[in-house]
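The values are calculated or read from the model by the stated rules, or taken from the named source; none is laboratory data. Because the structure is a prediction, the values reported are computed rather than measured. Ideal geometry is used to build each Cβ from the backbone, glycine not excepted, and the neighbour counts take in all protein chains shown.
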Amino acid sequence: MKIRCFISALLAIASLAGLHAQQPQTSTEIPLVGNVYGRQDVTSLNGKWRYIIDQQEIGFYDYRMNESPWGFFLDAHQKSPLELVEYNFDTTDQMDIPGDWNIQDERLFFYEGTVWFRRTFDYKPQADKRMLLYFGAVNYEAVVYVNGKKQGSHVGGFTPFNFDITDALKEGQNNVIVKVDNKRHPEAIPTNIFDWWNYGGITRDVLLVPVEKTFVQDYSIQLDKKNWQHIYGWISLNKPQEGVEIEVRIPELKIAQKVVTNADGRASISFKAKPVLWCPENPKLYDVEIAKGNEVLTDEIGFRCIETQGKKILLNGKHIFLRGVSIHEEKAFSQGRAHSAEDARTLLNWAKELGCNYVRLAHYPHNEHAVREAERMGIMVWSEIPCYWTIAWENPDTYKNAERQLGDMIRRDKNRANVIIWSIANETPHSEPRDRFLSSLAKFARSLDDTRLISMAMEVTSANNYHNRLQDNMNEYVDVVSFNQYVGWYRDTQDAAKMTWEVPYDKPVIVSEFGGGAVAGWHANKNVRFSEEFQEDLYIESLKMMDKIDGLSGLSPWILKDFLSPRRPLPDVQDWFNRKGLVSNTGQRKLAFYVMQRYYEQKKAEFDAKSAKR
Ligand code: GCU
């Protein structure tokens, strides 16, 4: 006991004297690097990571809640039998990264708190290179260390971020240690209540990305909406360096354009071309190379024009109907956060089977692989930030968080032809502060990208029991009026036929959510809630009702697959699953799936006939 007192006294003196290694407060985070998957010599750190559950954050704070200099990020090991070290990454458990902890460790199914992760890796310095560390996403807050040196922190569970870790690296073995905290907070984005599982962890890819000291940080290459034989955009370096030559090549279009950066390190691109336009029936993508010296970035880019004309949505000038379905980012069979192209293909193939040409990726930006797989499959995307329900509208930090997540979503996917709608919110209660918050977000989104449509999923404000209006100040700021309605679930199915819908805006309309729950395999009749027949009848009646909506341009029924939610505890029926899926969490198609499939077959035939007449 005396030894422990002696040691803690020493530590206290050291701490008082400020002798310990204070972590530098500066961060090595750099602006988001575009298209990491198209860069050369990228090393994946995916695989088995060691982890320590740290419910009281003892690896970060001392017993007086000061940030400790002796935290888990030091990856300490006992050097003598006398030394006191109360953690050891070498002997802890391991889990697969990317991946949430809830499904991989049953002790963590409901856990909300901190878990530390460690990955070691070898490194050989290259004189003319810098090394970036890229995270596809960490939910919800990450503090990142390399060899015990803090690189910075990041808030937001569904968007990428990266650090220049070069100066913290040494030849040979290195380690990256991440403190992950998925606790919910009222002032966060999302706030502390939401209808999906709070999957914590390093939930997407972790990559080491070597770059030259001056490199192509990001770029945008778009089709000109006003002239489909003109492609334009910009390329930006990581620093304001003038006179750097960059070549943009699109071999199939016989394009090889050399540009030179200006004093800001940016260069505009613009050239004539006659690309085959991307569309669901022909999701044409072009190989693109962006070369700076011997550093070559490769991408696959599609060219298309999405716009509205009164109550119509036009893709490449053609009036389309968005035959969609809502999807959460949850694996098809095993639950847990989906993160791979393979996970995405399973879910997107179910959507294709349903007859979809469009998906609403709810309620947060999904992983980049999912967006790219949908692009290859000819599936248009609604992409959304988790500005969900009762956000802290008057908190400036909350707004900055929302704007950061919106900006990173757009920065990451701005070159994806299939992304046609940026959504800034879901089911937010009307108020003056909410309107200020969301209208600012809408303007911000448009300032970053004026080539896509802006929307948000609103709530119905019913004028009386059977007359529904979409009266929302935010409808001035969106291109498409979208709303969620639950006649048949949170209101009676029998009311559907009596309902009228008034959308007093000359804009296209999407019903971004509708539906009801059913336990796959439970058969009764349409008057027995949670039976497949109940859900089937709800869909039949809802579709008849929605077909009468003037300007209806798309549907994304809630939801493709049953998904885990802490708001769905009903034993033997929900068992922590939201049962509104058209497909169960074991892949069983429910009767309502086929109702929707038949409806989309008719819709497709109707719109094909229209375009044949043009
Ligand atoms: C809301 C919400 C969804 C939720 C759904 C439901 O509309 O947007 O996230 O899962 O209703 O109640 O099932």
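At-a-glance table
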{"quantity": "Odd one out for Glu112, checked against (1) touching a Lys or Arg at 6+ places or on another chain (Cβ under 6 Å); (2) under 20 Å from Arg411 (Cβ atoms)", "calculated": "(2)"}
{"quantity": "Candidate set from the stretch 578-600 (those that are in contact with a strand residue (DSSP E or B) (Cβ under 7 Å, 6 or more places away or on another chain) and among the basic types (Lys, Arg)); member that is farthest from the ligand (Cβ to nearest atom)", "calculated": "Arg589"}
{"quantity": "Enumeration of residues in the stretch 437-452 that are surrounded by fewer than 21 Cβ atoms within 10 Å (Cβ to Cβ) and aliphatic (A, V, I, L, M)", "calculated": "Leu448"}
{"quantity": "Verdict on Ala524 being of a type outside the set (Val, Ile, Thr) and within 25 Å of Leu348 (Cα to Cα)", "calculated": "no"}
{"quantity": "Members of the stretch 307-345 found to be surrounded by fewer than 16 Cβ atoms within 10 Å (Cβ to Cβ) and within 21 Å of the chain's Cα centre (by Cα), listed by number", "calculated": "Phe333, Ser334, Ala341, Glu342"}
{"quantity": "Out of Glu502, Glu606, Glu536, Glu513, sole residue that is charged (D, E, K, R), under 30 Å from the mean Cα position of the chain (by Cα) and over 20 Å from Thr346 (Cα atoms)", "calculated": "Glu513"}
{"quantity": "Any hit, the stretch 539-550, residues being touching a Ser or Thr at 6+ places or on another chain (Cβ under 9 Å), closer than 18 Å to Phe333 by Cβ and in a loop (DSSP other than H, G, I, E, B)", "calculated": "no"}
{"quantity": "Selection from the stretch 375-391 of residues that are within 16 Å of the ligand (Cβ to nearest atom), buried (at least 20 other Cβ atoms within 10 Å of the Cβ) and over 14 Å from the mean Cα position of the chain (by Cα)", "calculated": "Ile391"}
{"quantity": "Within the stretch 140-198, tally of residues that are surrounded by fewer than 23 Cβ atoms within 10 Å (Cβ to Cβ) and either within 16 Å of the ligand (Cβ to nearest atom) or of a type in the set (Ser, Thr, Tyr) (or both)", "calculated": "10"}
{"quantity": "Answer residue from the stretch 110-122, given it is in contact (Cβ under 8 Å) with a residue 60 or more places away in the chain and in a strand (DSSP E or B) and is nearest to Phe215 (Cα to Cα) among those", "calculated": "Phe121"}
{"quantity": "The stretch 482-524 - residue that is free of Cβ contacts under 8 Å to residues at least 12 places away in the same chain and in contact with a Ser or Thr (Cβ under 7 Å, 6 or more places away or on another chain) and, of those, nearest to the ligand (Cβ to nearest atom)", "calculated": "Trp522"}
{"quantity": "Test result for Leu470, within 16 Å of the ligand (Cβ to nearest atom), in contact (Cβ under 8 Å) with a residue 24 or more places away in the chain and within 23 Å of Thr308 (Cα to Cα)", "calculated": "yes"}
{"quantity": "Asn415 being closer than 30 Å to Gly378 by Cβ, away from the ligand (no atom under 16 Å from the Cβ), crowded, with 18+ Cβ neighbours inside 10 Å and touching a residue at least 24 places away in the same chain (Cβ under 8 Å)", "calculated": "yes"}
{"quantity": "Residue pairs meeting the criteria (Cβ under 7 Å; at least 6 apart or on separate chains; first among the hydrophobic types (A, V, I, L, M, F, W, C), in the stretch 44-61; second assigned to a strand (DSSP E or B) and surrounded by fewer than 19 Cβ atoms within 10 Å (Cβ to Cβ))", "calculated": "Leu45/Phe121; Trp49/Gln94; Phe60/Glu67"}
{"quantity": "Filtered residues of the stretch 39-77 (kept if assigned to a loop (DSSP other than H, G, I, E, B) and surrounded by fewer than 15 Cβ atoms within 10 Å (Cβ to Cβ))", "calculated": "Gln40, Asp41, Gln55, Gln56, Tyr63, Arg64, Met65, Asn66, His77"}
{"quantity": "Test: residue in the stretch 526-539 that is surrounded by fewer than 15 Cβ atoms within 10 Å (Cβ to Cβ) and either in contact (Cβ under 8 Å) with a residue 60 or more places away in the chain or not aromatic (Phe, Trp, Tyr) (or both)", "calculated": "yes"}
{"quantity": "Looking only at the stretch 418-436, and only at residues there that are over 28 Å from Pro280 (Cβ atoms) and crowded, with 19+ Cβ neighbours inside 10 Å, the one that is nearest to the ligand (Cβ to nearest atom)", "calculated": "Thr428"}
{"quantity": "Which numbered condition Glu394 misses (of (1) more than 16 Å from the ligand (Cβ to nearest atom); (2) among the acidic types (Asp, Glu); (3) in contact with a Pro (Cβ under 8 Å, 6 or more places away or on another chain); (4) closer than 21 Å to Val503 by Cβ)", "calculated": "(4)"}
{"quantity": "Condition check for Arg360: farther than 19 Å from Ala445 by Cβ and touching a strand residue (DSSP E or B) at 6+ places or on another chain (Cβ under 9 Å)", "calculated": "no"}
{"quantity": "Restricting the stretch 527-577 to residues that are among the basic types (Lys, Arg) and away from the ligand (no atom under 15 Å from the Cβ), the residue that is nearest to Lys312 (Cα to Cα)", "calculated": "Lys548"}
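Residue-wise test of (1) at pLDDT below 95; (2) farther than 24 Å from Met596 by Cβ; (3) among the hydrophobic types (A, V, I, L, M, F, W, C).
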residue	(1), (2), (3)
Gln335	yes, no, no
Arg372	no, yes, no
Tyr388	no, yes, no
Lys414	no, yes, no
Ile424	no, yes, yes
